[in-house]
Amino acid sequence: MKNSGKILLITGLLLAVGAMPSFAQALGGQKLLNSTNRMEQVASREATAQQTQLQNVIKRSDTLITNRITTLNTLLTRIQNDTRLTAAEKSSFTSDVQTDISGLTALKTKIDADTDVTTAREDAKTIITGYYVYAVFEPKVRLHIVLNNLQTVSTNVQNLVPQIQNLINSLQSQGKDVTELQAQLNDVNTQLQTINTTLAKDITTVEGITATTGPSSAEQSFAKVRQDIAQLVRAGFAKIRSDFAQMRPLFNKLIISKVTPEPTSPTSTGSASQ
């Protein structure tokens with residue numbers, strides 16, 4: 001009996017010792033399992049949030065790029081329909097616009113393929129900083145077109161000047177007083193000189209503006225060019241129109257008028273015969 005009791009005691013102890021790892025595992029393992037589950041849930045939520053953010057960045061970027069490409073295509077139509085631009089000017093402007101369209105299209109492809117939010121956000125920044133479509137490029141091209149058109153107008157007026165001068169010279173050779181006409185034409189030449197100098201300077205300024213110039217500096221340059229156009233160029237053309245308006249009746253008057261012969265001095269025939 002004593003041996004049987006010892007055997008039973010030893011067996012019980014062994015069973016208890018054997019059960020201890022399972023008991024400990026039941027206690028610590030459940031905590032570990034719970035902690036692991038929580039981390040997995042957090043990681044899953046973070047991954048879902050990251051994916052949502054990524055898709056939002058891509059969606060916003062696509063919209064920004066699409067809007068800019070639409071604006072640039074409208075600008076292309078404006079260029080092609082401009083009757084005052086030469087073929088070379090149209091080609092140059094078109095090339096500049098197409099370069100930006102191609103760049104934005106490639107950027108959209110890259111952003112759409114981005115797999116993390118950080119990269120997508122960095123790429124999205126270049127939609128603005130790499131192109132400045134609204135702040136720099138579009139106003140630059142439109143202002144450049146305006147300046148080129150004004151140059152064309154100036155050239156057309158300039159081509160009229162020799163013809164008007166020839167007419168004045170012809171009237172003068174007929175003995176007619178062309179003093180007032182010549183003064184008006186001289187003023188036209190003065191205005192054209194100011195206009196041409198201003199346009200050449202402003203075109204150089206606009207051509208020098210790039211995306212790296214930055215919106216603030218670009219806008220200062222644009223404002224100065226617009227001021228020149230208003231105060232010097234358009235004002236100069238207004239003065240030229242006024243000069244032409246005053247010359248027209250003077251030409252009409254001189255063309256239809258006859259030259260009055262100079263009075264001859266009395267002859268001294270009687271004296272000579274005495």
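Points worth noting:
- Qualifying position, being of a type in the set (Asp, Glu) and either closer than 26 Å to Val153 by Cα or in contact with a Phe, Trp or Tyr (Cβ under 9 Å, 6 or more places away or on another chain) (or both), among Asp123, Asp96, Asp112: Asp96
- Annotation: Lys176 fulfils all but one of (1) over 26 Å from Ala245 (Cβ atoms); (2) outside any helix (DSSP H, G or I); the unmet one is (1).
- Among the residues of region 73-123, those that are assigned to a loop (DSSP other than H, G, I, E, B) and over 20 Å from Leu150 (Cβ atoms) comprise Asp114, Thr115, Asp116.
- Candidates Lys239, Lys224: the one that is in contact with a Ser or Thr (Cβ under 8 Å, 6 or more places away or on another chain) and assigned to a helix (DSSP H, G or I) is Lys224.
Yes/no matrix, rows are residues, columns are (1) farther than 16 Å from Val206 by Cβ; (2) free of Cβ contacts under 8 Å to residues at least 60 places away in the same chain; (3) not assigned by TED's automatic domain parsing to the domain that holds Lys253:
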residue	(1), (2), (3)
Asp112	yes, yes, yes
Thr118	yes, yes, yes
Leu143	no, no, no
Ile168	yes, yes, no
Asp177	yes, no, no
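- Hits in region 107-145 - residues which are among the β-branched types (Val, Ile, Thr) and either closer than 21 Å to Asn56 by Cβ or surrounded by fewer than 18 Cβ atoms within 10 Å (Cβ to Cβ) (or both): Thr109, Ile111, Thr115, Val117, Thr118, Thr119, Thr126, Ile127, Ile128, Thr129
- Residues that are of a type in the set (Gly, Ala, Ser) and under 19 Å from Asp96 (Cβ atoms), drawn from region 177-216: Gly208, Ala211, Gly214
- When the residues of region 203-212 are filtered to those that are modelled with pLDDT under 95 and out of contact with any Lys or Arg (no Cβ under 9 Å at 6 or more places or on another chain), the one that is farthest from Ile128 (Cα to Cα) is Gly208.
- Odd one out for Ser257, checked against (1) surrounded by 10 or more Cβ atoms within 10 Å (Cβ to Cβ); (2) at pLDDT 90 or above: (2)
- Residue check, Phe237 of a type in the set (Phe, Trp, Tyr), surrounded by 14 or more Cβ atoms within 10 Å (Cβ to Cβ), modelled with pLDDT of 95 or more and within 29 Å of Phe137 (Cβ to Cβ): yes
- Candidates Ala135, Ala120, Ala87, Ala124 - the one that is farther than 30 Å from Lys253 by Cα and either in contact with a Pro (Cβ under 8 Å, 6 or more places away or on another chain) or of a type in the set (Phe, Trp, Tyr) (or both): Ala135
- Residues located in region 53-81, provided they are over 17 Å from the mean Cα position of the chain (by Cα) and either assigned by TED's automatic domain parsing to the domain that holds Ser154 or touching a residue at least 40 places away in the same chain (Cβ under 8 Å) (or both): Gln53, Leu54, Val57, Ile58, Arg60, Ser61, Asp62
- Close pairs from region 209-229: first in the same structural domain as Thr198 (by TED's automatic domain parsing), partner surrounded by fewer than 18 Cβ atoms within 10 Å (Cβ to Cβ) and not in a helix (DSSP H, G or I), Cβ under 9 Å, at least 6 apart: Ala211/Gly130; Ala218/Thr210; Ser221/Gly208
- Criterion applied to Thr204, Thr152 was being surrounded by fewer than 20 Cβ atoms within 10 Å (Cβ to Cβ), assigned by TED's automatic domain parsing to the domain that holds Phe251 and closer than 23 Å to Gln80 by Cβ, and the one residue passing it is Thr152.
The values are calculated or read from the model by the stated rules, or taken from the named source; none is laboratory data. Please read all numbers here as calculations on a predicted model, not as lab measurements. Reconstructed Cβ throughout: ideal geometry from the backbone, glycine too, with neighbour counts over all protein chains shown.
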